[in-house]
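Below is one structure, written out as structure tokens; comments come after it.
What follows is calculated from the coordinates using simple rules that are stated; it is not laboratory data. Just so you know, these numbers come straight off a predicted model, no measurement behind them. Cβ coordinates were reconstructed from backbone atoms using ideal geometry, including for glycine residues, and neighbour counts include every protein chain displayed.
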């Protein structure tokens, strides 16, 4: 490591760090521990120059300093021109603010207050019977063949269907949203496939705009309705901001949980003893194992900030306008906080990982992610406990700059029997439940679970 | 042992309630935590100490 002197006389440790490079994925542990050892807060020349916080203490300090670090994405140049949470700002989303994750308080607070009653632990627990039905149907579609792709056939579908249900968007549209939500993350900008992915993204945004107008004209419960009814200083938010927030809910709800689930299932296939233990001791282990998978695989590896005023933080002299990358993924491997950080310990205690972010911008959907992940995992452990993943057919994302995800995870297992109707019939049945019983209402208006009515699915007890 | 959750720091990670569900209750509205009672029963003290260690925001303190 070298140090450099800035024009205004500050001395700062200098590194070369590129989280979008394939090398960062391939040598993640080596690079992470090198930074921890030498400079847990350092300056990289990449992407116009930015700070990189990798140490747990440094990341936590910075994430809690929302009074001096801004998330603002000033897409129209109306304020201070800050670039939001991506470094560099992504070409695909240029000109679109990423919802309340790219806002500062008090505006950001208004959005979170409006959405929290749909996403709290109590609110999300109501959806467990719904999640179980979608998961059952996904496994039923494949269980007689003894072959499944955990990404395509399970982990892409369940988070997508639940997210749409909670938003108040028809469940049958999950494929329209699914393709851009995943392919938009893993497709490199120079790929010949990019044109198709951009078109899919435009179709998704168009459908979100249509949904906004439809729900405004004919209200139906859900997160879309909550955003329409949101008021800031007595005024509704502009449609452009609402679309950004809806895009954020899709982006947060889809690819992240898919990534976590696929990685955990792959690891459990490689560690059959741990898999058997988790299946047998799920009572004491399910929570700690879930948090450990979150820590180790960190689906969303980091977020950017912009320094809003000169200050000294995390051992660095920061200047207004400086950009900082907060690496949740590297903070999660800091040996000062996590003993033996590169090992998965399903019973780990004191696991204060940063996988949902820290501070006021912490993931608002964390309870959704945990619930969906746990239900999918338990169904797999119960119904196809001897599955074996096929490394030849497994495809991880080439880079881990945005999401540490997977595209394919094929597996084989001893075939079994379906327990109920297939996916299409199940989604029809669940859509009726959403429409007739208002499952997507906030916890303040509806306490009961989203449970399919008796007799509608007579095969299940 | 007395336990306190700093409401300014708590962001609703819910890990404390996973470790000590009888000691911490979560708001239905936003999932933020508060102790059921200030005094921690003796048989819950180990779990509460683990909750303190688990809190990503360092929002829980015991005296």
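Computed values, structure above
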{"item": "Rounded Å value of the spacing that divides the Cα centres of the range A:264-286 and the range A:11-73", "result": "33 Å"}
{"item": "By average C-beta atoms within 10 angstrom, highest first, the peptides A:182-188, A:244-250, A:446-452", "result": "A:244-250, A:182-188, A:446-452"}
{"item": "Estimated 222 nm signal from helices in the protein assembly as shown, with DSSP H stretches of n ≥ 4 weighted -39500 (n - 2.57), rounded to 500", "result": "-13000 deg cm²/dmol"}
{"item": "Cα gyration tensor shape for the range A:1-95, rounded if a/c is under 1.5, else prolate or oblate", "result": "prolate"}
{"item": "Two-site label geometry, residue A:175 and residue B:38: point separation in nm, points 7 Å out along Cα→Cβ", "result": "6.1 nm"}
{"item": "Rh by Kirkwood over Cα pairs, then Stokes-Einstein D for chain A at 0.890 mPa s and 25 °C, µm²/s", "result": "107 µm²/s"}
{"item": "Three-way shape call for the range A:369-453 based on the alpha-carbon gyration tensor, with the a/c threshold at 1.5", "result": "oblate"}
{"item": "Projected area averaged over orientations for the range A:313-426, convex hull of C-alpha atoms, nm²", "result": "11.8 nm²"}
{"item": "Mean Cα-pair separation over length for chain A, i.e. relative contact order, pairs under 8 Å, 6 or more apart, %", "result": "26 percent"}
{"item": "Acute angle (nearest 10 degrees) that the helix A:255-270 long axis makes with the longest principal axis of chain A, alpha-carbon atoms", "result": "80 degrees"}
{"item": "Fraction of alpha-carbon pairs over 19 Å apart in the range A:105-261 - percent", "result": "58 percent"}
{"item": "Distance between the range A:330-368 and the range A:148-164 - C-alpha centres, whole angstrom", "result": "24 Å"}
{"item": "Evaluated at q = 0.12 Å⁻¹: base-10 log I(q)/I(0), Debye formula over Cα of the range B:3-62", "result": "-0.21"}
{"item": "Gyration tensor verdict on the range A:217-366 (Cα atoms; rounded if a/c is under 1.5, prolate if a/b is larger than b/c, oblate otherwise)", "result": "oblate"}
{"item": "Debye equation applied to the C-alpha atoms of the range A:160-229, log10 I(q)/I(0) at 0.15, 0.29 Å⁻¹", "result": "-0.53, -1.25"}
{"item": "Helix axis angle, A:107-119 relative to chain A longest principal axis, alpha carbon, degrees", "result": "30 degrees"}
{"item": "Antiparallel DSSP beta bridges within the protein assembly as shown, percent to nearest 5", "result": "90 percent"}
{"item": "Translational diffusion of the range A:1-159, µm² s⁻¹ [Kirkwood Rh, Cα pairs; Stokes-Einstein; 37 °C; 0.692 mPa s]", "result": "165 µm²/s"}
